[in-house]
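None of the figures in this text is laboratory data; all of them are computed from the coordinates on show. From a predicted model like this one, the values you see are computed outputs, not experimental measurements. Every residue, glycine among them, receives a Cβ derived from its backbone with ideal geometry; neighbour counts consider all protein chains shown.
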Amino acid sequence: LIQLYMPLNHLGVLYREIRQSLTDIERMFSLLDKNREIQDAPDARPLFASGESGPCEIEFENVGFAYEANRQILFDVDFKVGAGETVAVVGHSGSGKSTLARLLFRFYDTTTGSVKINGSDLRALQQASVRAAIGIVPQDTVLFNDTIFYNIQYGRPTAPREEVIAAAKAAHIHDFIERLPDGYDTRVGERGLKLSGGEKQRVAIARALLKNPPILIFDEATSALDSKTEKAIQAELEQAAIGRTTLIIAHRLSTVMNADEILVLDAGHIVERGAHRALLEQNGLYAQMWALQQQQNMIEA
Ligand code: ATP
């Protein structure tokens, strides 16, 4: 019986792993509106030689993009994120911010222009090697119905326990986990303990830290976190961004103040760019958005 049990048990584990990753891929794709498969070119190269990784420079070169032929979403978008730098994108809802992240992850190809990493067009690179170099902290993190340990380790399934705990500490969620009834073995997700928006974002930051990618995309949660949690998450994000090339899709301007460059998108065009102070001095769309947000903060306070 035991001889029969072992392979069956192994199959069970395998099935669970596949299902978990499919759930994740499925959910992640629906989250990012994935609807089309992109294939590697026959002569596609890996971003780095096998086993290696290193600093990454991102470049959007005159990018135009349309999901549907008759409705252009991005127009001539041109910017660079130097290795280790942080660029933030702000703009009204529907201006095209998340579309930039989808193009960088190559869920879609650009209609005109190109997206490059370290000078190579994404279309010349193996997708898997590009995605391995990118960590995403999404707006709404998916938690598996499993332990919180499993949920963090998912960032790098081969990571030893000490490294999972170190990532949780760096994302400032370790103390919270220690206070849970079963610590790291506490079950979370839809059928387990429900985590708050801030706690879920910390799990996502811990996952990303464990993956240790040279590129980080932070898609800020649209749902409001309380201002104390928001400040804490912002500090944790800034820590996570050190030494990584970071693209922040921002919904609140407080998150972007320290970015090396802020891009203001309006209906798919970059209408302003610069650092926070310089943009305020321009007295344009960014300054208007800033003033509006200050008013809202005063009303909420
Ligand atoms: P928000 O701040 O609300 O998240 P955003 O600036 O990130 O908005 P995007 O999600 O990039 O905006 O969307 C830009 C435009 O592209 C919107 O008009 C949206 O309706 C359209 N769009 C997004 N995804 C698709 C899709 N899969 N198919 C067709 N149109 C899409």
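Amide H neighbours of Tyr67 under 5 Å, counting only residues 5+ apart in sequence or on other chains, H built in-plane at 1.01 Å?
So Tyr67 has HN proximity to Ile73.
Add +1 for every Lys or Arg and -1 for every Asp or Glu among the other residues with Cβ under 12 Å from the Cβ of Asp185, and state the total.
Numbers: positive: Arg161, Arg187; negative: Asp146, Glu178, Asp182.
For residues surrounding Asp185, the net value is -1.
Kirkwood Rh over alpha-carbon pairs of the stretch 167-301, then Stokes-Einstein at 20 °C and 1.002 mPa s: what D in µm² s⁻¹, rounded to an integer?
On the way: Rh = 16.7 Å.
Calculated translational D: 129 µm²/s.
Counting only pairs 8 or more residues apart or on different chains, how many lysine pairs in the chain have their Cα atoms under 23 Å apart?
20
Quick one: which residues, 5 or more positions from Leu216 or on another chain, have an amide H under 5 Å from its amide H? H modelled 1.01 Å from N in the peptide plane, none for Pro or chain starts.
Amide H to amide H, under 5 Å and 5 or more residues apart or across chains, Leu216 pairs with Gly135, Thr245, Thr246, Leu247.
If the chain between Glu162 and Ser254 were fully stretched, how many nm would it gain, using 0.36 nm times the residue separation less the Cα-Cα distance?
So the extension gain works out to 29.8 nm.
Can you give the direction-averaged projected area of the convex hull of the alpha-carbon atoms in the stretch 165-233, in nm²?
On the way: hull surface 20.9 nm².
Averaged projected hull area, Cα only: 5.2 nm².
Around Asp78, under 14 Å between beta carbons, what's the net of Lys plus Arg minus Asp minus Glu among the other residues? Please list the in-between numbers first.
Numbers: positive: Lys80, Lys116, Arg273; negative: Glu59, Glu61, Asp76, Glu261, Glu272.
Here the charged neighbours net out to -2.
Just from its helices, what would the mean residue ellipticity at 222 nm be for the chain, if runs of 4 or more DSSP H residues each count -39500 (n - 2.57) and the sum is divided by every residue, rounded to the nearest 500 deg cm²/dmol?
Numbers: 10 runs with 118 residues, N = 301.
Here the helix-only value at 222 nm equals -12000 deg cm²/dmol.
How far, in nm, would the chain grow between Glu52 and Asp76 when pulled straight, counting 0.36 nm per residue and subtracting the alpha carbon separation?
Values: separation 24, 0.36 × 24 = 8.64 nm, distance 3.30 nm.
Computed gain between Glu52 and Asp76 is 5.3 nm.
Return the sequence-ordered ³J(HN,Hα) values of the stretch 251-266 in whole Hz as given by the Karplus equation 6.51 cos²θ - 1.76 cosθ + 1.60 applied to θ = phi - 60°, using x for Gly and Pro.
3J(HN,Hα) across the stretch 251-266, in whole Hz: 10, 10, 6, 4, 5, 9, 3, 9, 5, 5, 9, 10, 9, 9, 9, 9.
What number comes out for the charge environment of Gln153, summing +1 per Lys or Arg and -1 per Asp or Glu over other residues with Cβ under 10 Å away? Intermediate results must be reported in sequence, preceding the final value.
Working: positive: Arg156, Arg161, Arg207; negative: Asp146, Glu163.
Here the charged neighbours net out to +1.
For the pair Glu281 and Asp109, how long in nm is the line joining their label points, each one 7 Å along Cα→Cβ?
Distance between label points: 4.3 nm.
Starting from the Kirkwood Rh over alpha-carbon pairs, what translational D in µm² s⁻¹ does the stretch 72-180 have by Stokes-Einstein at 25 °C and 0.890 mPa s? Each step should come with its number before you reach the end.
Details: Rh = 16.9 Å.
It comes out at roughly 145 µm²/s.
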